[in-house]
1. Could you line up 278, 323, 200, 213 from fewest to most neighbouring Cβ atoms inside 10 Å?
2. What value does the range 173-307 have for Rg/Rh, both radii from Cα atoms and Rh as Kirkwood defines it?
3. Starting with the fewest neighbours, write out 251, 330 ranked by other beta-carbon atoms found within 10 Å of each beta-carbon.
4. Taking the number of other C-beta atoms within 10 Å as the exposure measure, put 195, 173 in order starting with the fewest.
5. What is the dipole size for the range 287-380, taken about its Cα centre, with +1 at each Lys and Arg Cβ and -1 at each Asp and Glu Cβ, in debye to the nearest 20?
6. Any idea what the relative contact order of the range 231-365 is, in percent, if you count C-alpha pairs under 8 Å spaced at least 6 apart?
7. Among 232-238, 98-104, 340-346, what's the highest-first ranking by average C-beta atoms within 10 angstrom per residue?
Amino acid sequence: MSLKLYVLTILLILAFLVTGVYGDIHVGVSGGSGSGSRGSVGFGIGANKDATVTGCIAANGASLYPTLTISGIGDLDENHQVTDSAQNHAEIHAKVVDGLNIQYSDTLTPGAGNLGSTTGAVEADQTLTVGDSKFIKCSQSASNLEGDKASAGIEIEHGSLTNYQGHALAGLSSAKAYQSFEAASGREIKLYSLSFNAEKDNAKTWIEVDGTKGNLGNITNFADRAYASATNANASQTFNNATGNEIKLGTSSSNKEKDNADVSMEIEKGAVSNFTAKADTTLVNASASLVNSSASSLISGKSLVFEAKASDSLGDRVRAITKVKNGTLTGGVADIAFVDSPTNTLKASQSASTLEGTSLDADGKASNVTGITVHKSSNIDNPSISDYQNSASVIAGTPSVIQP
């Protein structure tokens, strides 16, 4: 057999062009390789009679490369996955209801080398751009035989999504999932990244932005990542700007030893810029943070609520809460919680280069396993504070609280 003929026998391309669609179209293809990998993908497509649908599915062994464009208003519902003989697994899902001008593509890729051997890995990728839609959902997940799992996803009610990319990668020793996009808008936007392993380490980040019919919520230049291995689970997210009627974001981590760290923010009728969220956990520590380190960045809103809390297996606990009315925090804003078991250290705190508003309520509480508790609170009208700090900690068994 000639090389040219051999290539033709392993490469299958299925292409289609449909106009004036009534109802649904379902197209599928599967592939496999001699090394034990399998892949399958199928389009579920719905479009109105004025829409044009173009698509292509290329299969090369177990590698599948689908693309799809719907010009006009249509629906998309796609699930596909790839698993190798070592049980590395990657999966992606995309759904659009009544979406305008859908542009979608995805790829399922076996890793280099012999799948099922010690170098085995599988990947799944997807991209999506869609205009005004009734509903948008994308997710990706990865897992392996060791029990490492990672996932990330987005949901939008009555909105749009620009240049979305999702990726899942599973190998013998780790699982990864991440997503990014240029812009998302809608009456409701929800995002998450989540990871955990067989040792019961887990980490999560999330953000929710709500808008109204006349004033949609928005997030720009967003990226997040979840990672899990035998010794660690972590998750992170970054974005340039988020605006909305209500913004909620948070991150948390915990481990088998019952170390826990949790931080959150709630902003009413406000905006957040240049933020990074992180959660990380191992067998002996847990941390969670929401950090804005840029001097020019800010958080503002009619109501701002920040909470951080942490606890360990001994029974030590810390909590810090900051509430600001009609407030603005700028430069170096941080909402942090962490536990370090080897040094018996816990901390929960909020800080900012400047804090201003019409009122401030700050509360800090720290307690240790023997029952010793330190609790302080502050109430300030029209605050204008430089180097704001509200902190609760337990260090080597000794609780303390620092107030503004």
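Values in this text are rule-based calculations from the coordinates and carry no lab data. For clarity, every value in this text was computed on a predicted model and none was experimentally measured. Glycine also receives a Cβ, built like all others from the backbone with ideal geometry; neighbour counts cover every protein chain displayed.
1. Fewest-to-most Cβ neighbours within 10 Å comes out as 213, 200, 323, 278.
2. So for the range 173-307, dividing Rg by the Kirkwood Rh gives 1.01.
3. Ordered by Cβ neighbours within 10 Å, fewest first: 330, 251.
4. Ordered by Cβ neighbours within 10 Å, fewest first: 173, 195.
5. Dipole size: approximately 200 debye.
6. 23 percent
7. Most protected by this proxy first, the peptides run 232-238, 98-104, 340-346.
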